[in-house]
Every structure is written in C-alpha cells, then in structure tokens.
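A.B. asks: Handing you this structure, nothing more for now.
Every number here is computed from the coordinates shown, using simple stated rules; none is lab data. Because the structure is predicted, anything quoted here is derived from the model rather than measured. Note that each Cβ is placed from the backbone with ideal geometry, even for glycine, and that neighbours are counted across all protein chains shown.
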Amino acid sequence: MRISAVIPTLNAAHLLPPLLGQLGALGEVILADGGSTDGVAELPGVRLVTAPRGRGSQLAAGAAAAQGEWLLFLHADTRLESGWEAAVAAASDQPGAAHHFRFALDDASPQARRLEAAVAWRCRWLALPYGDQGLLISRTLYDAVGGYQPIPLMEDVELVRRLGRARLADLPVCAITSAARWQRDGWWRRSARNLTTLGLYFAGVSPERLARFYR
C-alpha cells in the first residue's frame with residue numbers, strides 16, 4: 001500500500017463527500033474520528049479509527065493505524081486542486097522531505113486573496129504551513145521525528161517545527177479550504193485570532209489553554 005490518507009473528523013459527514021471522491025484511488029482512507037454522532041461511520045470507502053477528541057490525538061491514532069508507506073494528512077473541509085495526483089506521485093519519490101499544498105480558499109472575495117498571499121508569505125519566510133494545507137510525509141520520516149503529538153491545538157505547527165525548514169517543501173497545487181470560518185467570524189477577526197494564538201504558543205502558553213481560547 002503506497003499512500004494512506006488520514007483525515008481527523010468530528011461531525012463532518014456533510015463536508016467529506018467531495019474530498020473522499022477525490023481520494024478514491026488511494027490505497028487507504030482513514031477517518032480518525034473524535035466521537036461523531038452524524039453517521040460518519042456509514043460513509044463508503046473509508047476505514048474508521050476512533051480516538052480521544054482533539055486533532056493531535058486523532059491524527060496520531062490515524063497514523064498509527066495506517067498501512068501506507070506514505071501518509072497524506074488532510075482536513076475534512078478540504079478539496080484538492082486538479083493535478084494533485086501527479087504532484088503527490090512526484091513528491092513521493094523524495095522520502096527525505098515532507099510536502100504541503102499551497103493554501104487557497106473557496107471564496108472569490110479580495111479578502112480571500114489577501115489571506116492566501118499572507119499564508120504564502122508565512123510558508124516562504126517562516127516555514128510554517130498549517131494543517132489545512134495538508135501534509136504528505138513518508139512513514140519513515142514521520143516515525144523518525146516522532147509524529148503528531150496528542151495535543152488539542154497547534155499539533156501542525158509543533159510537527160513542522162520538528163521537521164525544520166530543510167525538510168519542508170511545497171507542492172505545486174492547492175489544497176482548497178472552506179472559507180466558512182472566516183465568513184462566519186469576520187475576515188479580520190478570525191485572522192487576528194489565529195495570529196494571536198500562534199503568538200501565544202510561541203510565548204509558551206500550553207496547547208490545552210490555547211484550545212480553550214480558540215473555541
């Protein structure tokens with residue numbers, strides 16, 4: 001089995017069909033579920049793994065259960081840009097690097113374009129892709145750096161910091177993320193909260209405390 005996709009879920013059955021349709025050709029698709037009550041277990045073509053609620057715990061459990069030589073971590077509200085299969089196939093010839101997609105939103109507004117540009121800057125200069133950009137990593141490298149830690153927030157930043165800039169590479173296609181959170185909370189307010197959370201994490205605030213702030 002070449003590639004296992006791992007998707008953390010919590011009552012995300014309504015979000016998943018577009019992404020699962022794209023991943024159908026992969027060897028294995030694992031939903032690492034934190035206690036859904038919406039029938040996610042009934043979705044076809046997936047393997048359900050239950051875990052304590054929290055993205056870090058769920059991702060770690062999904063990775064532990066996966067059988068692929070490569071692990072592709074994705075969020076439930078993501079879909080992949082055309083050409084992703086070829087990009088992933090090419091990247092899987094480079095086992096010494098972890099690859100993330102470019103960030104895009106399913107929104108045509110100028111605010112979305114500005115946020116995409118800010119994320120591209122963050123990845124280029126700070127080497128900090130987030131989990132909504134996906135992560136393709138070989139099982140060997142994942143195990144070597146210790147994998148995802150069972151923390152409720154910042155599990156993506158914590159892992160890429162251990163990987164380091166030299167082992168991170170971007171894929172030439174986008175992971176298209178739902179803009180619903182920004183539309184609901186406001187573009188500036190949501191972005192400011194994300195930036196504040198990152199700053200507090202770097203200042204030493206625990207992921208457990210940050211998770212309470214982030215809700």
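A.B. asks: Is the shape of the chain best called rounded, prolate or oblate, per the rule: a/c under 1.5 gives rounded, else a/b larger than b/c gives prolate, else oblate, with a ≥ b ≥ c the square roots of the Cα gyration tensor eigenvalues?
C.D. replies: rounded
A.B. asks: Another question, if that's okay. Taking 20 °C and 1.002 mPa s as the conditions, I'd like the Stokes-Einstein D for region 99-215 in µm²/s, using the Kirkwood hydrodynamic radius from alpha carbon pairs. Don't jump to the answer; show the numbers that get you there.
C.D. replies: Working: Rh = 15.1 Å.
For the chosen part, D equals 142 µm²/s.
A.B. asks: Taking 25 Å as R0, compute the FRET efficiency from the Cβ-Cβ separation of ARG212 and ASN11 and round it to 0.05.
C.D. replies: 0.80
A.B. asks: Name the most mobile residue of TYR201, TYR148, TYR130, meaning the one with the largest mean-square fluctuation, in a Gaussian network model of the chain with Cα contacts below 10 Å.
C.D. replies: Among TYR201, TYR148, TYR130, the largest mean-square fluctuation in the Gaussian network model of the chain belongs to TYR201.
A.B. asks: Please work out the C-alpha center-to-center distance from region 22-74 to region 138-187 and express it in whole Å.
C.D. replies: About 16 Å separates the Cα centre of region 22-74 from the one of region 138-187.
A.B. asks: Need one number: convex hull volume per residue for region 48-142, Cα atoms only, in Å³.
C.D. replies: Numbers: hull volume 11.9 nm³, N = 95.
Once divided by residue count, the hull of region 48-142 is 125 Å³.
A.B. asks: For ARG53, what residues show an amide H to amide H distance below 5 Å, using hydrogens built from the backbone and excluding near sequence neighbours?
C.D. replies: Amide H neighbours of ARG53: none.
A.B. asks: Which of LEU195, LEU74, LEU31 moves most in a GNM of the chain, Cα contacts under 10 Å?
C.D. replies: Answer for the Gaussian network model of the chain: LEU195.
A.B. asks: So if the hydrodynamic radius of region 131-180 is defined as the Kirkwood radius over C-alpha pairs, what does Stokes-Einstein give as its diffusion coefficient at 4 °C and 1.567 mPa s, in µm² per second?
C.D. replies: 106 µm²/s
A.B. asks: Take the chain, connect every pair of alpha-carbon atoms lying under 10 Å apart with a spring to form a Gaussian network, then pick out the residue of GLN67, GLN111, GLN149 with the largest mean-square fluctuation.
C.D. replies: Of GLN67, GLN111, GLN149, the most mobile in the Gaussian network model is GLN111.
A.B. asks: Largest first and to the nearest Å, give the Cα extent of region 158-215 along each principal axis.
C.D. replies: Largest first, region 158-215 extends 33, 30, 16 Å along its Cα principal axes.
A.B. asks: Another one. Taking every DSSP beta bridge with both residues inside the chain, roughly what % is antiparallel (nearest 5)?
C.D. replies: 30 percent
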